[in-house]
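Each reported figure results from applying straightforward, stated rules to the coordinates on display, with no laboratory input. Computed from a predicted structure; not experimentally measured. Backbone-built Cβ (ideal geometry, glycine too); neighbour counts: all protein chains shown.
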């Protein structure tokens, strides 16, 4: 069974996400000198200050929800409410991202998996995709619940 198609064309943060046969991931950088991992590729390693030695690595496919909050007052282009929170990644990083609602809403401390989902409308009205963490085993098409937020 093949992985579902993932649309990475209209990203809310271009270059933040990627996809391969195993599914969606965040683009990370691993320092060739000390092995430190960062979210995104950096010119300089934050741990050892080496420059030019970061290689792209997939990170953040899974994690554990550390904390979350339901956001009611939202910027233009976002639908209210949405859940945002911190996810502890197995690579030793903590990422801030949208979190699934409804049946996809994880418990604090619960295992989560990364999906690419519509996050907000761009100025031209197109939906832009971004990272969305949902409860392990759940599926979701976006950060909004059906009906009222739990």
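Relative contact order of segment 93-142, taken over Cα pairs closer than 8 Å and 6 or more residues apart, is 43 percent. Just checking the listed ones, 20, 88, 124: in the Gaussian network model of the chain with Cα springs under 10 Å, the one fluctuating most is 124. The calculated FRET efficiency for residue 73 paired with residue 108, based on their beta-carbon distance and R0 = 22 Å, is about 0.50. For the peptides 34-41, 132-139, 48-55, the ranking by mean Cβ contacts within 10 Å, running from highest to lowest, is 132-139, 34-41, 48-55. The length gained by stretching the chain between residue 96 and residue 84 to full extension, at 0.36 nm per residue less their Cα-Cα distance, is 3.6 nm.
Taking 7 Å steps out from each Cα toward its Cβ at residue 46 and residue 6 produces label points 2.2 nm apart. Measuring between their Cα centroids, segment 92-139 and segment 45-75 lie 14 Å from each other.
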